[in-house]
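See below for the structure under consideration.
The values are calculated or read from the model by the stated rules, or taken from the named source; none is laboratory data. None of these values were measured; they are calculated from a predicted model. For neighbour counting, all protein chains shown are included, and Cβ atoms are generated from backbone atoms with ideal geometry for every residue, glycine included.
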Amino acid sequence: MNRVRVLVEGQTEESFVNKVIAPHLTNRGVHIYPILFRGRGGSFRYQRARKEIGNSLKEDRSLFCTTLVDFYGMPTDWPGRSQANSHSDTGEKARVVEQALLADVQQLMGDSFDPLRFVPILMSGSVNWRNSEKIHRDLRLC
């Protein structure tokens with residue numbers, strides 16, 4: 001059974017993972033569980049998220065890790081965030097940040113890191129059932 005840790009920014013995303021995504025993936029042999037890294041009203045600056053991502057990937061080398069973060073509430077210190085503003089398409093904005101996140105995590109983890117273990121996912125709109133299809137597709141292990 002594959003295990004996926006999802007770093008979520010808030011309780012809405014945490015609930016979405018538990019109620020919408022988890023039941024679907026459990027049927028496919030994937031155990032997915034959210035980790036709330038923002039805390040109650042706290043910041044979710046990138047250094048805090050980066051530390052959580054790195055620790056998750058280092059503590060268990062068989063674990064997959066992903067994010068479920070809203071682009072519009074994201075602080076500008078996240079990789080690719082400022083560059084993404086040059087795009088008008090919300091999907092393209094999300095892709096720019098996702099690619100920058102993956103590159104940063106690869107650098108953090110070193111040459112022996114398997115980049116398939118980290119799948120950054122940004123929501124460029126509200127969290128809803130349509131977005132779950134993007135998440136299922138992006139995880140690639142289902």
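Taken over the range 49-72, the criterion of being assigned to a strand (DSSP E or B) and under 19 Å from residue 15 (Cα atoms) is satisfied by 65, 66, 67, 68, 69, 70.
The set of residues in the range 1-26 being surrounded by 15 or more Cβ atoms within 10 Å (Cβ to Cβ), polar (S, T, N, Q) and in a helix (DSSP H, G or I) consists of 18 alone. Exactly one residue among 124, 112 is among the small types (Gly, Ala, Ser), modelled with pLDDT of 90 or more and more than 15 Å from residue 8 (Cβ to Cβ), and that residue is 112. Taken together, 117, 61 contain a single residue that is closer than 22 Å to residue 1 by Cβ, touching a strand residue (DSSP E or B) at 6+ places or on another chain (Cβ under 7 Å), of a type outside the set (Ser, Thr, Tyr) and modelled with pLDDT under 95, which is 117. Any residue at all in the range 73-96 that's among the acidic types (Asp, Glu), in a helix (DSSP H, G or I) and under 13 Å from residue 121 (Cα atoms)? Yes, the range 73-96 contains at least one residue that is among the acidic types (Asp, Glu), in a helix (DSSP H, G or I) and under 13 Å from residue 121 (Cα atoms).
Within the range 83-98, is even one residue crowded, with 18+ Cβ neighbours inside 10 Å, modelled with pLDDT of 90 or more and under 13 Å from the mean Cα position of the chain (by Cα)? Yes - at least one qualifying residue is present in the range 83-98.
Polar (S, T, N, Q), within 17 Å of residue 1 (Cα to Cα), surrounded by fewer than 15 Cβ atoms within 10 Å (Cβ to Cβ) and modelled with pLDDT of 85 or more, is that true of residue 66?
Details: polar (S, T, N, Q): yes; within 17 Å of residue 1 (Cα to Cα): yes; surrounded by fewer than 15 Cβ atoms within 10 Å (Cβ to Cβ): no; modelled with pLDDT of 85 or more: yes.
Spelling it out, it is not the case that residue 66 is polar (S, T, N, Q), within 17 Å of residue 1 (Cα to Cα), surrounded by fewer than 15 Cβ atoms within 10 Å (Cβ to Cβ) and modelled with pLDDT of 85 or more.
Scanning the range 99-122 for residues that are in a helix (DSSP H, G or I) and buried (at least 21 other Cβ atoms within 10 Å of the Cβ), we see that the one that is farthest from the chain's Cα centre (by Cα) is 105.
Among the residues of the range 6-21, at least one is without any contact (Cβ under 8 Å) to a residue 24 or more places away in the chain, over 20 Å from residue 115 (Cα atoms) and among the small types (Gly, Ala, Ser).
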